[in-house]
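Nothing in this text is a laboratory measurement; each read-out follows from the coordinates by a stated rule. Small disclaimer: the values here were computed from a predicted structure and weren't measured. Positions of Cβ are backbone-derived with ideal geometry, glycine not excepted, and every protein chain shown enters the neighbour counts.
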Amino acid sequence: MSKISLADMQNPLYLHPCDGHNSVSVDKLTGAANYREWRRYMEIVLASKRKLGFVTGLVKKDVEDEVKADQWDTCNNMVIAWLMSCMSDSIKSLSDYYTEMSSLWEEIEGLNLLPPITEMNSEVNVFISALNQQKDEQHFFQFLNGLDEDYAALRSQILMQSPLPTVELACAQLQQEES
């Protein structure tokens, strides 16, 4: 089990005993009017405490080392507390909403992770073909969704085709109908 020495103040995982939730003194963020100044002061304060990397993503959680992961959680929570203490209540509610949505997005992203392919066989080829077909269909629907309402009738005609055309073919059909 590895421990971080208290003498290692250069390490971003080190929290000084004075680094409590009220140890940051920056005017509260109230909105767009003072955002640039607030951000600059927060960057200076966090950099001076060697904690800016938690906000920028440069300091990553070490999931292999339980002690370091716990220290990372502690420091990250302290940075969040510092940020939240320097925000007006209306900004905090937006931040809470974003945090909740961000965790949902991460969860959804985790569901989309694919295992590494170590060998190619017919099952893998079928799987990759299905993924490519799904991606092509997503592009097709995104393309049709982006069309103006002027193309509503054509969009309906294209959607009634079986099998669905490719994006390129649908685009060609739209161009042909326009001319």
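Structure notes:
- Per-residue ³J(HN,Hα) for segment 66-71, Karplus 6.51 cos²θ - 1.76 cosθ + 1.60, θ = phi - 60°, Hz, x for Gly and Pro: 4, 5, 5, 5, 5, 5
- Scanning residues 5 or more positions from LEU29 or on other chains, those with amide H under 5 Å from its amide H are MET87, SER88, with H placed 1.01 Å from N in the peptide plane.
- Cα gyration tensor shape of segment 6-86, rounded if a/c is under 1.5, else prolate or oblate by comparing a/b with b/c: prolate
- Restricting segment 1-83 to GluC sites (Glu not before Pro) that sit in a DSSP loop and have at most 14 other Cβ atoms within 10 Å of their own Cβ leaves GLU64.
- Each residue of segment 125-134 was assigned a 3J(HN,Hα) from its phi angle through the Karplus curve 6.51 cos²θ - 1.76 cosθ + 1.60 (θ = phi - 60°); the sequence is 4, 5, 4, 5, 4, 5, 4, 5, 5, 4 Hz, with glycine and proline shown as x.
- Neighbour counting of Cβ atoms within 10 Å sorts the residues MET84, MET160, MET78, fewest neighbours leading, into MET160, MET84, MET78.
- Segment LYS135-MET9, extension gain: residue separation times 0.36 nm, minus the distance between their alpha carbons: 40.5 nm
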